1. Where does each of A:175-187, B:161-173 land if you order them by average Cβ count within 10 Å, highest first?
2. How many partner chain Cβ atoms sit within 10 Å of a residue's Cβ in peptide B:320-326, on average, as a whole number?
3. Closest approach to the A-B rotation axis by any Cβ of A: residue and distance in angstrom?
4. Quick one: which of B:287-299, A:144-156 comes out on top by average Cβ neighbours within 10 Å, and what's the full order, highest first?
5. How big is the dipole moment of the protein assembly as shown about its Cα centre under a simple scheme where the beta carbon of each Lys and Arg is +1, that of each Asp and Glu is -1, and everything else is neutral? Debye, nearest 20, please.
6. Using only Cα atoms, locate the centre of the stretch B:259-333 and the centre of the stretch B:335-363, then give the distance between them in Å, rounded to an integer.
7. Send over the per residue convex hull volume for the protein assembly as shown, Cα only, as a whole number of Å³.
8. Between B:13, B:140, B:38, which gets the highest mean-square fluctuation from a Gaussian network model of chain B, Cα cutoff 10 Å?
Number of protein chains: 2
Amino acid sequence: MSVLIKNISYLDLEGEKIVDNADVFIEGNKIKKIGENLNLDVDEIINGEDKLLTPGFVNAHTHLGMSYFRNYADDLALMDWLENKIWPIEAKLNREDIYWSSMLSIIENIKSGVTTFCDMYYEMDRVGDAAIESGIRGVLTRGMTDVDGKGEEKLKEFDDLYKNYQNKCGGRIKVVPAPHAIYTCSTEFLKEIAKRARENYDSLIHIHLSETITEVENSKKEYGMTPIEYVNTLGLLDSQVIAAHCVHITDEEIELVKNKKFYPVYNPSSNLKLASGFTPVDKMLKNNMKLAMGTDGDSSNNNQDFVEEMHLGGIVNKAVTMKEKAVPAIEILKMATVNGAETLGFEKLGLIKEDYLADLAIFDLESNSFTPRNNLISALVYSANSHDVESVICDGKFIMRDRELVNVDEKKVREIVNKRWEDIKRR
Amino acid sequence: MSVLIKNISYLDLEGEKIVDNADVFIEGNKIKKIGENLNLDVDEIINGEDKLLTPGFVNAHTHLGMSYFRNYADDLALMDWLENKIWPIEAKLNREDIYWSSMLSIIENIKSGVTTFCDMYYEMDRVGDAAIESGIRGVLTRGMTDVDGKGEEKLKEFDDLYKNYQNKCGGRIKVVPAPHAIYTCSTEFLKEIAKRARENYDSLIHIHLSETITEVENSKKEYGMTPIEYVNTLGLLDSQVIAAHCVHITDEEIELVKNKKFYPVYNPSSNLKLASGFTPVDKMLKNNMKLAMGTDGDSSNNNQDFVEEMHLGGIVNKAVTMKEKAVPAIEILKMATVNGAETLGFEKLGLIKEDYLADLAIFDLESNSFTPRNNLISALVYSANSHDVESVICDGKFIMRDRELVNVDEKKVREIVNKRWEDIKRR
């Protein structure tokens, strides 16, 4: 398939500017040419006037399957919430439940311009199927724990997942091991996963790190080290790390990781709502670290609206630092796109640039949020909302057109999720 | 006109619960009856299945006319932003410019469920006209300063505004004096306005108070008192005060105002984006103070999305206090409705209750944000977005139906705002 988008404005992240009146030629799954007045024989021509083209967003940390738990238990203390509400009901989910709740989350992601997710959950083959069917790019990371004594089983399951799904759909699907956290995995288990990541897989690991003060305090008590220092001693930081949260990363830890392939994933809504704290985004950026962004799961966010996440992440750091200039809009957009792509180990993804993968979001500029048309970089972060996302292209194909999902029946998914949830609660 | 909404779920703020399968009868501008299986002869019957009815939201502090400045100057230090960007261009606006930018902001407000605004700007008669034409309830507060030596002129202008607009449209329009701030008004001017508010008007005053540390430090230096202590000595607190911001309100000030008719208006987006700081919402609520919420103007927010404002205001306080239970969703909803109505001096407004004014928002529950249907109080604050607002009723009349404004041509307003802005920049 080939598409030519004519006369569109696009976000040039390397130039940190908006380029107007551009023609963007997409062939196969790539951006083949960007120029002016391109005359090419293509399958489809799109009129890009009054539209803004951005790289598709990368939601680098989420739990897609948790959409059942949206608004199920809020305004509760963390352990009460987990132990008495989330874990007991989560234990009742089956494979098909997870397929449908993941599909609902994927719909929300696509509708807010996301073209790549990194999901940590279980029954990940069914999450992979949902990704394949919807057309989105997906990193499947099996959340593994061994506190239940079933570590071996999960390693075996992960091995199968990797064999069956790694690089499926021409590389659109990736598989990465995910030890859940230092408080749900034993030292030996973490060491084993670190070893396998390097030797059997692709030297990528996804883990929750330094999310809460409790986690840090317990780590110091138990291991005499902070969480990131501790996982370093286990060999985890010899792989590239997708490090969800890092709310309580210390100055010493920043020194330790800043020259490693260590990518914190910032989840502002979740960190605020769970009272985890304020992630030191400004400080990490000043140390030349690259950060990604994520929505986290619906049980803590409580939605998958990536545009809202950018807005929130953009403004909260200004109050944290008491500096109006802290974490400017352009940095948020880099985190949300090209840095997210690098975090997840993708090459040539996250920029609107020739030879890059054609993962793109098209915003409608004829909306209130973009009126009048001032700085469109500011607009994307500070005034836009997800309804301004009109169409989404992933891997060269439209997966949403005029706010309608191309491959998924949204209404049907909502009906099934509602019905299954009633059933889950009765189990 | 009479309307009967059948089988709807509604937000009962006094009961702190959702009531299902209710019939709500609206006659004239009031909610006349709430019950089950009402059989009444009405002009229109609405099917309320799969919908959620809430009180219309009260945006208790905004600057509607500033929508031109959305995304015009961001990520700048406050004084640089004001002195070199906002003030010079603001000086070029004429009456008709302000009418159209206010209309754009009113559209955004209505589309996010707002039925009442409290606007502080100038050329307020034209803002009043926009409110009257769009059908929204509006509190017109002329922002007055005398640093330019033109205090008398503004007091005269306010007098005319009050004569011509107070209680227009059966009380839908109100007029309230608004000394801009302690740093733009002289002591004598503040005293004079405080006196007139009590003697000539309705004992209501709208003012920016304790927004930034600079304001507090300068007040201490100049008057030997904090801002709220200072305005108390001038008689301002003898009227009911709509106190925008109060980011840096002190414990002593809380003691001073907590038994007065003093209503802080919380503007989370603006306070974060301008790096003003974190408003101590939790502390004020614990002192039994009633707070309202506002979006502030588009130059600092940068939108008028009240649903997003509730989300942000709801979650940020949990991280500020490091308590998951701080400022629960129900408190945010009260701030956004009934407390806002009381703040602005309205009676019988902001609740879904018999004999109350029929200002209502209808949310579509067949949306991703509300799937599955768990706690709808949580959903309104934590997962909903403004696109879930399907219809809006103000003063008993539909002002938005199926996401289409009833009285305003939204596309035309955007076109005119874009055109005028190009012209303003050339002046």
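1. A:175-187, B:161-173
2. For peptide B:320-326, the averaged partner shielding equals 5.
3. A:387, 2
4. B:287-299, A:144-156
5. It comes to approximately 460 debye.
6. 19 Å
7. 155 Å³
8. Its mean-square fluctuation being the largest, the pick is B:38.
We did not get these values from a lab; they are worked out from the coordinates using the rules stated. In this text the structure is predicted, and so the values were computed from the model without any measurement. Glycine gets a Cβ as well: all are built from the backbone with ideal geometry, and neighbour counts include every protein chain shown.
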